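Undergrad: Sending over a structure as structure tokens; questions will come in a sec.
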Ligand SMILES: [Zn+2]
């Protein structure tokens, strides 16, 4: 390099630049070539495909516009979304619900309701009164619970999501989840202190016989704060699929 006079160096460098630009241009043309060929073939297939030709008159064939890009096949169906640890659930059809309180205020899916009533009877027989506080909830009820309480308590969405699911993401939409209290200690309703009640001990020992389980035990994989009062029914095909399919999808999508 040092042997070449400066003026010449400049030109030889700029010539080299031009040449490399040409090479690049040729390479990109060659690179685009197969795409153009593929695109052209795709276009020809569309044109010659019998579905695009009109059967009434062969002379007035309408061409569909050329595709702007080669369509990409979606590799897998969309996984269920999860928002701040919560999984998405569909709202149960109202016709499938059955009341578990005499005023009809708390409702569950038919099988869950029957099993809850059986469980409540068995507990009462042993002197434990299980109070259903909340069962099925519509998306708009959850909307109120989530956003209104968030405002009242000055919480941000992630703080709120630790204690309550955002609308569309509550197990209560399914009609399989129920918040249970101890009628003898209403002060412990929806509080961690429910864990100290006889109702909770009874549930821990007996709920599984009626196909109820805790949704959010301590250190659950969803990262939802421990809710000793929130139980869900998993005693039939539909409820099992609802909860375990959602959970498996969440695990595979987070891997
Ligand atoms: Zn709940």
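Undergrad: Among (1) surrounded by 18 or more Cβ atoms within 10 Å (Cβ to Cβ); (2) away from the ligand (no atom under 16 Å from the Cβ); (3) assigned to a loop (DSSP other than H, G, I, E, B), there is one condition residue 167 misses while meeting the rest; what is its number?
TA: (2)
Undergrad: A follow-up question, please. Would you confirm whether any residue within the stretch 150-163 is within 13 Å of the ligand (Cβ to nearest atom) and at pLDDT 95 or above?
TA: no
Undergrad: Looking at (1) modelled with pLDDT under 90; (2) out of contact with any helix residue (DSSP H, G or I) (no Cβ under 7 Å at 6 or more places or on another chain); (3) within 13 Å of the ligand (Cβ to nearest atom), which is the one condition that is false for residue 190?
TA: Here residue 190 clears every test but (1).
Undergrad: Can you find even one residue in the stretch 115-124 that is part of a helix (DSSP H, G or I), more than 16 Å from the ligand (Cβ to nearest atom), surrounded by fewer than 16 Cβ atoms within 10 Å (Cβ to Cβ) and within 19 Å of the chain's Cα centre (by Cα)?
TA: no
Undergrad: In the stretch 180-214, which residues are buried (at least 19 other Cβ atoms within 10 Å of the Cβ), touching a residue at least 24 places away in the same chain (Cβ under 8 Å) and either within 31 Å of the chain's Cα centre (by Cα) or assigned to a loop (DSSP other than H, G, I, E, B) (or both)?
TA: Correct list: 180, 181, 194, 200, 203, 207, 210, 211, 212.
Undergrad: Go through the stretch 131-149 residue by residue and tally those that are within 12 Å of the ligand (Cβ to nearest atom) and assigned to a loop (DSSP other than H, G, I, E, B).
TA: 3
Undergrad: I want to confirm something. Restricting to the stretch 215-236 and keeping residues that are under 17 Å from residue 116 (Cα atoms) and away from the ligand (no atom under 11 Å from the Cβ), which single residue is surrounded by the most Cβ atoms within 10 Å (Cβ to Cβ)?
TA: My answer is 233.
The values are calculated or read from the model by the stated rules, or taken from the named source; none is laboratory data. Remember, it's a predicted structure, so these values are computed and weren't measured experimentally. With ideal geometry, Cβ positions are generated from the backbone for all residues, glycine too; neighbour counts draw on all protein chains shown.
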